[in-house]
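**Q** Dropping a structure here in structure tokens format, bear with me for questions.
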Amino acid sequence: MTTVDREPRPARHRDNWRFVAAILVVLASALAIYILAEAGAGGAIGYALMVVLPATASAFIAWAGSIGRDWSRGTFLAVPLWLAFAAAAIGAVFLREGIVCLVMVLPFWIGFGYLGIWPVYLYRRGRSRVDPATFRAHALLLLPFVALLIDQQLAPPRETRTVTRETIVDAPPAAVWPRLLDIPAIEPDEGRWNMSQDLLRLPRPVAARLNGEGPGAVREALWQDDIRFQEVVTGWQQGEALEWRFAFPDPSIHRRTDRHIEPHGRHLWIDSGGYRLIPLAHGRTKIQLWTRYRIATPFNGYAGWWGERILGDIQNNVLAIVAGRVENARSKR
């Protein structure tokens, strides 16, 4: 009769409680980093919260969870995924983070989480030359706090970017121009499907009304969820171009938009925009819609990629509304 060596029950319980304690310590540390980052000058979008925290938290959980257990490769690989989605759920439910911000952050937490568990996996598989005495997992969670101190001392780079979309309509500029100035009572079936407004649930425009004429006139924009903002006209070339600067005189958009990507915040500043009408052959017109904005983050390339996608979706939707109304007006003649 053979006997099977089994881990003593008290040892298994001890390891289980150690694993639970590790998760609680990680969550507490992450919350502390988030609160301190939000209160600091640099804001939450920095290396501490986006890079160092997911790497060290994943490593810490993997180290604590694999003590006394023969974790498979799949179990190690699951740690960053579970941690990232748990952080997203906590952010959505308790920290009131918006879906756009969470979707933007997830790739960082997953990617750098895998970077963090890699040395732990190698050590557990006996492929690392790291001596156990030199690996102090509990010290890992001090690194995000050190990174946060560095974040607060570094001013993020600032960039100005412009997003432009265009469409062509079978009408001359004179017929298109008045359709740009006022866009009343937009119906739900107008516009076009896009990722930002149909999947990420960003609001859609409801109406636009122009008060006045020429520079200084104000275009009042009304969007879903009772969002209101203004486009103050700075350039007016009849039948050719319209330019404006954005103004947000009431808190309606701040209540609806994620605070990290609000249009006049410390990380993002939506500055100006406008239309250009370019005459084409056979009485057609190219309509260009552009938006200029400034970003200030350590990851401007990544943020700019999202800006191109989101603002481009919004612009394409607006152009589809305008083009549809121009075509409808032509067909009724």
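**Q** Please report the accessible area of residue 299 (heavy atoms, 1.4 Å probe, ligands and nucleic acids excluded) in Å², nearest 10.
**A** Number for this one is 30 Å².
**Q** Continuing with this model, one more query. Taking a probe of 1.4 Å, how large is the accessible area per residue of the chain, in Å²?
**A** Values: 17760 Å² over 333 residues.
Normalised by residue count, the accessible surface of the chain is 53 Å².
**Q** Shifting gears a bit: Distances longer than 24 Å among the Cα atoms of the range 157-251: what percent of all pairs is that?
**A** 30
**Q** Report, in debye and to the nearest 20, how large the dipole of the range 241-332 comes out about its Cα centre when Lys and Arg carry +1 and Asp and Glu carry -1 on their Cβ.
**A** Dipole magnitude for the range 241-332 comes out near 240 debye.
**Q** Which residue, 279, 29, 253, has the largest displacement toward the positive end of the dipole of the chain when charges sit on each Cβ (Lys, Arg +1; Asp, Glu -1)?
**A** Among 279, 29, 253, the one farthest towards the positive end of the dipole of the chain is 29.
**Q** Follow-up question, since we're still on this one. How large is the Kirkwood hydrodynamic radius of the chain, in angstrom, based on all distinct alpha carbon pairs? If you can, show how the numbers build up before the last one.
**A** Details: mean 1/r = 0.0431 Å⁻¹.
So the Kirkwood estimate lands at 23.2 Å.
**Q** Let me ask something else. Going toward the positive end of the dipole of the range 187-279, with +1 on Lys and Arg Cβ and -1 on Asp and Glu Cβ, which of 235, 269, 212 do you reach last?
**A** The Cα lying farthest towards the positive end belongs to 269.
**Q** Please express the Cα-Cα pair-distance distribution P(r) of the range 232-333 as a list of whole percents, one per 5 Å bin, running from 0 to the bin with the greatest distance.
**A** Taking all Cα pairs of the range 232-333, the binned fractions are 2, 10, 16, 21, 18, 13, 9, 6, 3, 1, 0 percent.
**Q** Using the beta-carbon distance between residue 122 and residue 81 and R0 = 30 Å, what value does 1/(1 + (r/R0)^6) give for FRET efficiency, to the nearest 0.05?
**A** 0.95
**Q** Can you put 262, 327, 213, 231 in order of accessible area, largest first, using a 1.4 Å probe?
**A** Putting 262, 327, 213, 231 in descending order of accessible area: 213, 327, 262, 231.
**Q** Helix 9-39: angle to the longest alpha-carbon principal axis of the chain, degrees 0 to 90, nearest 10?
**A** So the helix axis and the longest Cα principal axis differ by about 30 degrees.
**Q** Which of 168, 66, 141 sits farthest toward the positive end of the charge dipole of the chain, with +1 on the Cβ of Lys and Arg and -1 on the Cβ of Asp and Glu?
**A** Value: 66.
**Q** If you don't mind, another one. Using a 1.4 Å probe on the protein heavy atoms, what percent of the accessible area of the chain belongs to carbon and sulfur?
**A** On the way: 10730 of 17760 Å².
Ligands and nucleic acids excluded, carbon and sulfur reach 60 percent.
**Q** Dipole size in debye (nearest 20) for the chain around its Cα centre, Lys and Arg Cβ +1, Asp and Glu Cβ -1?
**A** Taking the Cα centre of the chain as origin, the dipole is about 860 debye.
**Q** I need the peptides 278-284, 203-209 ranked by packing, meaning the mean over residues of other C-beta atoms within 10 angstrom, with the highest value on top.
**A** So the peptides 278-284, 203-209, ranked by packing, come out 203-209, 278-284.
**Q** To the nearest 500 deg cm²/dmol, what mean residue ellipticity at 222 nm is calculated for the chain from DSSP H runs of n ≥ 4 alone, each contributing -39,500 (n - 2.57), summed and divided by the residues?
**A** -15000 deg cm²/dmol
The values are calculated or read from the model by the stated rules, or taken from the named source; none is laboratory data. Bear in mind that the values here come from a model prediction, so they are computed numbers and not experimental data. Cβ coordinates were reconstructed from backbone atoms using ideal geometry, including for glycine residues, and neighbour counts include every protein chain displayed. Remember, those area values only see protein heavy atoms, side chains included, never the ligands or the DNA or RNA. Shrake-Rupley method; radii C 1.70, N 1.55, O 1.52, S 1.80 Å.
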